[in-house]
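A.B. asks: Sharing a structure with you now.
The values are calculated or read from the model by the stated rules, or taken from the named source; none is laboratory data. Everything numeric in this text was worked out from a predicted model, so none of it was measured. Reconstructed Cβ throughout: ideal geometry from the backbone, glycine too, with neighbour counts over all protein chains shown. Surface areas here come from the heavy atoms of the whole protein model, side chains and all, with no ligands, DNA or RNA. Shrake-Rupley method; radii C 1.70, N 1.55, O 1.52, S 1.80 Å.
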Amino acid sequence: MSENAWVSPWWEPPLAGSDVEHLVGALDRLRTTFRYKVDELDADGLNTRIGASSITLGGLMKHLAANEDYMFDVKFRGKPMSGPWLENGWRDDNDWEFNSAADNSPAELYALWDGAVARSRETLTAAIADGGLDQPADITWPDGRHASLRRLVCDLIEEYGRHTGHADLIREAVDGRVGEDPPSDWKPVGPKTTT
């Protein structure tokens, strides 16, 4: 390889991979871009709102963490929500994770999201090895048909696509951070620390 040859960053999906590699790669690229958009912020940054919107970066982190666990534990495996979601206000508030994020510290929010993504990656990797993307998920439609794991992965890609765009706008308002992708050498840090 020449000195000037371009090397894909660690989060870049394959250029010509399999169906599985492309779907998982697209999901992980969106996860990485989202994590970059919310990285190194304190409570003020995570609670910033723009315009009339009530969406915050902290609320997005908690919402996407809940979606990760809901997608792979509840919809795919048929298990009840567990872990950090045992006590929540969803029963009375569909926007609970958005509205309650201000009550969490930055460290708690980063841990919620990072933990949920790690659990999802582990579940997805094991599921692909044990049946691939076409295997049925536990969730059924009213007519009795089961969604496939592929459908759940595509749904999560859509969820991240929507909310990564929100995060992009909010982060620019916080401190001017812009860009489609993180720098090629970027690694997640976590909450902003003061020295």
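A.B. asks: Count of lysine pairs in the chain with Cα atoms under 22 Å apart, counting only pairs 8 or more residues apart in sequence or on different chains? Before the final figure, lay out each step's value.
C.D. replies: Values: LYS37/LYS62; LYS37/LYS187; LYS37/LYS192; LYS62/LYS75; LYS62/LYS79; LYS62/LYS187; LYS62/LYS192.
So the count works out to 7.
A.B. asks: Expressed as a whole percentage, what fraction of the accessible surface of segment 27-147 belongs to carbon and sulfur atoms when a 1.4 Å probe is rolled over the protein heavy atoms?
C.D. replies: Working: 2840 of 5790 Å².
Roughly 49 percent, rounded to a whole number.
A.B. asks: Please state the charge dipole magnitude for the chain, taken about the Cα centre, from unit charges on C-beta atoms (+1 on K and R, -1 on D and E), reported in debye and rounded to the nearest 20.
C.D. replies: In debye, rounded to 20, the chain gives about 200.
A.B. asks: Using Kirkwood radius over Cα pairs in Å as the read-out, say which of (1) 16.7; (2) 20.2; (3) 17.8 was calculated from these coordinates.
C.D. replies: (3)
A.B. asks: Can you give me the Cα centroid spacing of segment 26-41 and segment 168-184 in angstrom?
C.D. replies: Using only Cα atoms, the two centres lie 10 Å from each other.
A.B. asks: Rounded to the nearest 500 deg cm²/dmol, what is the calculated helix-only ellipticity per residue at 222 nm for the chain, with -39500 (n - 2.57) per DSSP H run of length n ≥ 4?
C.D. replies: Values: 6 runs with 93 residues, N = 195.
-15500 deg cm²/dmol, from helical runs alone.
A.B. asks: Further question: Ignoring ligands, DNA and RNA, what accessible area per residue does the chain give at 1.4 Å, in Å²? Write down the numbers at each step before the final one.
C.D. replies: Numbers: 10480 Å² over 195 residues.
Accessible area per residue: 54 Å².
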